[in-house]
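Q: Take this structure first; my questions come after.
We did not get these values from a lab; they are worked out from the coordinates using the rules stated. Since the structure is predicted, the reported quantities are computational estimates derived from the model, not experimental observations. Ideal geometry is used to build each Cβ from the backbone, glycine not excepted, and the neighbour counts take in all protein chains shown.
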Amino acid sequence: MTNIIDGKAIAKEIREGLEKEVSTMTTTPGLAVVIVGDDPASAVYVRNKEKACENVGIISTKHALSAKTTEAELLSLIEKLNQDNKIHGILVQLPLPKQINEDKIIEAITPKKDVDGFHPFNVGRLVTGRPTFKSCTPYGIMELLKKTGIDIKGKDAVVVGRSNIVGKPMAIMLLAEHATVTICHSRTNDLESKVKGADIVIAAVGITEIIKGDWIKEGAVVIDVGMNRNAEGKLCGDVDFEGAKQRASFITPVPGGVGPMTIAMLLANTVESAKNSK
Ligand code: GUN
């Protein structure tokens, strides 16, 4: 019997816990959300993040900048937010317009307010086994696995995707929980055989249904981070869900799997940052 992991319900539980926690805090957590340009997908993500903040009692302040914003202008805003003691988290929605160097922006955010967990300081802490802020999507996936009671120790995990935001930190987090981790990507030779050997598959490569149902080992755990549109405009993941469902023991749907967890962990990081600011 396949179990569908209900990310929406688990994320709701986490948000409710955070709401309770915030109501007892003397400092109201503050998150600055910066969006540059008018990418429609980014606008939806930012709106969802703001709504979620409001629901748990985090004050979010949105800074919507024009697509023509210069790197210097954005750096100057970040410096102001770094100094603002009402702000405990700074989120700069990616991608940024091409005149702005993303790495430079990420490194300008003080690691203490880097609730996305993208700053090399926080990444380095994760890699060396002393995590501070963790990237929200892989952090959310680890919470999904733990709350679902999935045993990670000693398992063969295959992460498909090597982004700084998901694939790389995901591999490190699984390794920290004693999985044996293989990182694959769009140019991996014979991806099929790698996936076929996996007890845990994390698909985060951004290619519609690249992971076929019959690649999934009987009883494997399948986590789908993909958010793609197919030819008919329907939202779908990196995994052939219907096929994989026949073989997996646990699987996340798209939507309603990983997505809601990313936002929940952003809120958790922001609350944590406000607590640390004392
Ligand atoms: N763009 C896509 N995912 C993310 C994310 O988790 N954080 C930020 N800042 N931008 C993103």
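Q: Which one of these is more than 14 Å from the chain's Cα centre (by Cα), within 16 Å of residue 223 (Cβ to Cβ) and in a helix (DSSP H, G or I): 146, 112? Spell out how you get there, then give the answer.
A: On the way: 112 fails: within 16 Å of residue 223 (Cβ to Cβ).
146 is the lone residue from the list that is more than 14 Å from the chain's Cα centre (by Cα), within 16 Å of residue 223 (Cβ to Cβ) and in a helix (DSSP H, G or I).
Q: Search the range 229-247 for residues that are of a type in the set (Lys, Arg) and pair each with any residue that is surrounded by 17 or more Cβ atoms within 10 Å (Cβ to Cβ) when their beta-carbon atoms are under 6 Å apart and the residues are at least 6 apart or on different chains.
A: Short answer, once both residue conditions are applied: 245/251; 247/216.
Q: In the range 161-180, what residues are within 15 Å of residue 221 (Cβ to Cβ), in contact with a strand residue (DSSP E or B) (Cβ under 9 Å, 6 or more places away or on another chain) and surrounded by 21 or more Cβ atoms within 10 Å (Cβ to Cβ)?
A: Scanning the range 161-180 gives 170, 174, 179.
Q: Every residue in the range 1-36 that is in a loop (DSSP other than H, G, I, E, B) and crowded, with 20+ Cβ neighbours inside 10 Å, please. Even if it seems obvious, please write down each step before you answer.
A: Going residue by residue through the range 1-36, those that are in a loop (DSSP other than H, G, I, E, B) are 1-2, 5-6, 24-29.
Passing the criteria: 5, 29.
Q: Looking only at helices (runs of 4 or more DSSP H) that fall completely inside the range 151-256, which ones have 2 or more residues that are more than 23 Å from residue 6 (Cβ to Cβ)?
A: Details: elements: 167-176, 191-196, 241-245.
It comes to 167-176, 191-196.
Q: Name the single residue that is farthest from residue 269 (Cα to Cα) among those in the range 83-93 being of a type outside the set (A, V, I, L, M, F, W, C) and within 16 Å of the ligand (Cβ to nearest atom).
A: Kept after step one, since they are of a type outside the set (A, V, I, L, M, F, W, C), are these residues of the range 83-93: 83-86, 88-89, 93.
So of that shortlist, the ones also within 16 Å of the ligand (Cβ to nearest atom) come out as 88-89, 93.
On the way: 88: 9, 89: 8, 93: 16 Å.
Only one residue tops the list, namely 93.
Q: Hey, can you tell me all the residues within the range 166-188 that are basic (Lys, Arg) and farther than 15 Å from residue 120 by Cα? Explain how you work it out, then say what you get.
A: Let us first name the residues in the range 166-188 that are basic (Lys, Arg), namely 168, 187.
Selection gives 187 alone.
Q: Given the criteria more than 15 Å from the ligand (Cβ to nearest atom) and either in contact (Cβ under 8 Å) with a residue 24 or more places away in the chain or part of a helix (DSSP H, G or I) (or both), does residue 121 qualify?
A: Numbers: more than 15 Å from the ligand (Cβ to nearest atom): yes; either in contact (Cβ under 8 Å) with a residue 24 or more places away in the chain or part of a helix (DSSP H, G or I) (or both): yes.
Yes, satisfied.
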